[in-house]
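The values are calculated or read from the model by the stated rules, or taken from the named source; none is laboratory data. Keep in mind that what you see is a predicted model, and the values were worked out from it rather than measured. Cβ sites come from the backbone with ideal geometry, for glycine too, and all protein chains shown count toward neighbours. Note: areas computed on protein heavy atoms with side chains; ligands, DNA, RNA excluded. Shrake-Rupley method; radii C 1.70, N 1.55, O 1.52, S 1.80 Å.
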Amino acid sequence: VTSVLIGISSQTTDFSKEKSMIFHVQELQFFNESLQQLKIAQMKFSESGECVDKITPESKGKEILVPLTSCMYVPGQISDAEKLLLDIGTGYYVEKDITGTKDYFSRKVKFVTEQMEKIQKIATEKSKLREVVMDIMEVQLDKQLAVIAQQQAAGGAKTI
């Protein structure tokens, strides 16, 4: 009865360890996906800031393509090269001058970069933790295999 209880306890512990390992792997995947999304956002803000640099007072009256969706554009004309309409998210727009617009995109790039650094730090710590857990599990598995080998050797010696 005691050996059965020990076996069940060992299986429960092994299941908990496997569940914990799966959680850590999923967590690392989540952090990596978050980093990828932030890199995309960072790139878009950076590109937008670069586009603002191309608008000069001489741009007034020039033909442009105005995005209606991410894949549909309509022809338009720059009526005021000093004021820009910014999409700040969730359907809200704000009018800013060139300097304010450049500052906005600069702050956005800085903020996203800081968030990426935080997530990268957490992901690195989680990865190190995962490695430690893997090492511990490997040592425990080696111990269990050694015990099984000893039991088999002892069982084989008794039958001879």
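On a per residue basis, the range 25-144 carries 75 Å² of accessible surface, using protein heavy atoms and a 1.4 Å probe. Here's the list of lysines a cross-link from residue 96 could span, going by alpha-carbon distance under 27 Å and ignoring same-chain residues fewer than 8 apart: 39, 44, 54, 60, 62, 83, 108, 110. Residue 28 sits among other residues whose Cβ lies under 13 Å from its own Cβ, and their net charge, with Lys and Arg +1 and Asp and Glu -1, is -1. Note on residue 105: accessible area is roughly 30 Å² with a 1.4 Å probe, heavy atoms of protein only.
Counting only protein heavy atoms and a probe of 1.4 Å, the accessible surface of the range 81-160 is 58% carbon and sulfur. Between the alpha-carbon centres of the range 19-47 and the range 80-150 there is a gap of 6 Å.
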